[in-house]
């Protein structure tokens, strides 16, 4: 069963983490304050059509079937699927989660990508990570990740907040994070040298979600 949302009141720590510079980027200059950003979001909800519900219900079913095989200990909790769509001008048009809701851009819903099922499985994992952090934090620590307080990142670039990865983790002396460099870009801070370099290392939430994708 899928709940296709047309409007819902979302309260999430993600909003408090946004800077005015980041809001400008993520709204393509349409907002710079939190109040303006929330007003813009409230006007950006897109209603679901009967056809789009039918199409995306099939993708949800396929993603659900895969996740029940790949991650049965979490999927058995039967967390309801909740999906919303916003205008593509919000959040770079990316897919992401807030609370227990998966957000998709209107352009993606209208023209589903070939990997729509993988995308849903990826975002579904982020829902699980939000609702059951203790399960995933234990897994991350077993793999060598260390949870840390929010660090000071010595960069002139605008730091980007990932709504699916709000906490901070370090792996083998490196802290992964996102910046704006003409587009979102991965970087890592070396704790010992304070040097920032390009990296393929991602927040453990993202690494696991991509691993679930690759297991299809």
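Identify the single condition in (1) assigned by TED's automatic domain parsing to the domain that holds residue 16; (2) touching a residue at least 12 places away in the same chain (Cβ under 8 Å); (3) farther than 17 Å from residue 206 by Cα that residue 96 does not satisfy, given that it satisfies every other one.
Result: residue 96 fails condition (3) only.
Say whether the condition of being in a loop (DSSP other than H, G, I, E, B) and at negative phi is met by at least one residue in region 119-134. Reasoning before the result, please.
Going through region 119-134, the residues in a loop (DSSP other than H, G, I, E, B) turn out to be 132.
Remaining after also requiring at negative phi: 132.
Yes: region 119-134 contains one or more residues that are in a loop (DSSP other than H, G, I, E, B) and at negative phi.
With the requirement that a residue be crowded, with 17+ Cβ neighbours inside 10 Å and either in contact with a helix residue (DSSP H, G or I) (Cβ under 6 Å, 6 or more places away or on another chain) or within 27 Å of residue 129 (Cα to Cα) (or both), what does region 190-208 give you? Outline the logic, then answer.
Kept after step one, since they are crowded, with 17+ Cβ neighbours inside 10 Å, are these residues of region 190-208: 196, 201-208.
Of everything in region 190-208, those that are crowded, with 17+ Cβ neighbours inside 10 Å and either in contact with a helix residue (DSSP H, G or I) (Cβ under 6 Å, 6 or more places away or on another chain) or within 27 Å of residue 129 (Cα to Cα) (or both) turn out to be 201, 202, 203, 204, 205, 206, 207, 208.
Restricting attention to region 162-199, which residues are assigned to a loop (DSSP other than H, G, I, E, B) and either in the same structural domain as residue 99 (by TED's automatic domain parsing) or under 17 Å from residue 140 (Cα atoms) (or both)?
Within region 162-199, 164, 165, 166, 167, 172, 173 qualify.
Hey, can you tell me all the residues within region 1-38 that are exposed (fewer than 14 other Cβ atoms within 10 Å of the Cβ), outside any helix (DSSP H, G or I) and within 16 Å of the chain's Cα centre (by Cα)?
11, the sole residue that qualifies.
When the residues of region 135-161 are filtered to those that are free of Cβ contacts under 8 Å to residues at least 60 places away in the same chain and under 19 Å from the mean Cα position of the chain (by Cα), which remaining residue is farthest from residue 16 (Cα to Cα)?
Per the criteria, the residue is 137.
Within region 47-66, does at least one residue satisfy the condition of being part of a strand (DSSP E or B), in the same structural domain as residue 129 (by TED's automatic domain parsing), in contact with a helix residue (DSSP H, G or I) (Cβ under 6 Å, 6 or more places away or on another chain) and farther than 20 Å from residue 211 by Cβ? Even if it seems obvious, please write down each step before you answer.
Filtering region 47-66 for residues part of a strand (DSSP E or B) gives none.
Looking for residues that are part of a strand (DSSP E or B), in the same structural domain as residue 129 (by TED's automatic domain parsing), in contact with a helix residue (DSSP H, G or I) (Cβ under 6 Å, 6 or more places away or on another chain) and farther than 20 Å from residue 211 by Cβ, one finds none in region 47-66, hence no.
Return yes or no: is residue 91 out of contact with any strand residue (DSSP E or B) (no Cβ under 6 Å at 6 or more places or on another chain), farther than 13 Å from residue 208 by Cβ and in contact (Cβ under 8 Å) with a residue 24 or more places away in the chain?
yes
Mind listing whichever residues of region 46-86 are within 18 Å of the chain's Cα centre (by Cα), buried (at least 18 other Cβ atoms within 10 Å of the Cβ) and under 16 Å from residue 10 (Cα atoms)?
81, 83, 84, 85, 86
Would you tally the residues in region 137-161 being part of a strand (DSSP E or B) and closer than 24 Å to residue 123 by Cβ?
Residues meeting the conditions: 4.
The values are calculated or read from the model by the stated rules, or taken from the named source; none is laboratory data. The structure displayed is predicted, hence computed values, not measured ones. Counting neighbours? That spans all protein chains shown, and the Cβs are built from the backbone with ideal geometry, glycine included.
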